[in-house]
1. What's the local net charge at Ala76, with K and R +1, D and E -1, over the other residues with C-beta under 15 Å away?
2. Of the chain, which part is the longest with no trypsin sites (Lys or Arg not before Pro) in a loop (DSSP not H, G, I, E, B) and with at most 13 other C-beta atoms within 10 angstrom?
3. Sum up the charges of everything whose Cβ sits under 14 Å from the Cβ of Phe21, counting Lys and Arg as +1 and Asp and Glu as -1, but leave Phe21 out.
4. Taking a ≥ b ≥ c as the square roots of the Cα gyration tensor eigenvalues, with a/c under 1.5 meaning rounded and otherwise prolate when a/b beats b/c, else oblate, which class fits region 58-141?
5. Quick check: net charge around Met1, other residues with Cβ under 12 Å of its Cβ, Lys/Arg +1 and Asp/Glu -1?
6. Taking neighbour Cβ counts within 10 Å as the exposure measure, how do Ser47, Ser125 sort from fewest upward?
7. Out of (1) 14.2, 41; (2) 14.7, 48; (3) 16.4, 50, which label holds the value of Rg and Dmax of the Cα atoms in Å that was computed here?
8. Under a plain spin-label model, where a point goes 7 Å from the Cα along Cα-to-Cβ, how far apart in nm are Ala138 and Asp34?
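A short reminder: the numbers here are calculations on the coordinates, not readings from a lab. From a predicted model like this one, the values you see are computed outputs, not experimental measurements. Every residue, glycine among them, receives a Cβ derived from its backbone with ideal geometry; neighbour counts consider all protein chains shown.
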Amino acid sequence: MNTFAHTCLIPAAPAAVFAAFAAPQRLARWWGPDGFRNTFALCDFRSGGAWRFTMHGPDGRDYPNESQFVEVLPNARVVIRHLNAPHFVLTVELRAEGQGTRVQWTQVFDDPAVAQAVRHIVEPSNAQNLQRLAAEVASGA
């Protein structure tokens with residue numbers, strides 16, 4: 001298995017959830033698991049745009065990342081290709097549901113063996129990412 005899928009319902013319109021992705025300063029606040037913060041070198045938030053950043057872990061380690069926004073469909077979908085190891089594609093879909101937005105977060109690793117090796121990190125981290133996204137949207141900042 002090389003796919004990890006998480007979902008949550010955020011009590012806000014898809015446009016409000018999308019805005020937390022589209023503004024680099026907001027994305028930097030919530031991206032990553034609990035305890036992480038980010039420094040963005042480049043965040044060209046558009047289809048084909050580059051995204052280079054460093055995640056700063058609670059353990060004091062830095063984790064350089066290089067990604068590409070493969071697809072950015074306002075208020076509906078963001079697809080990100082992680083260019084450095086481990087290689088994966090993350091698809092985040094936003095769908096109006098009642099008074100909120102159903103967020104579907106699907107991460108597909110290129111190599112199933114790598115996916116299994118990092119599963120113990122990825123599953124809780126993705127859940128934390130969604131919780132942090134929901135908190136950022138609730139802040140309305």
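1. +1
2. 62-141
3. Every neighbour counted, the sum reads +1.
4. Cα axes put region 58-141 in the prolate bin.
5. Here the charged neighbours net out to -1.
6. Details: Ser47 13, Ser125 18.
Fewest-to-most ranking of Ser47, Ser125: Ser47, Ser125.
7. Answer by label: (1).
8. That separation, rounded to one decimal, is 1.4 nm.
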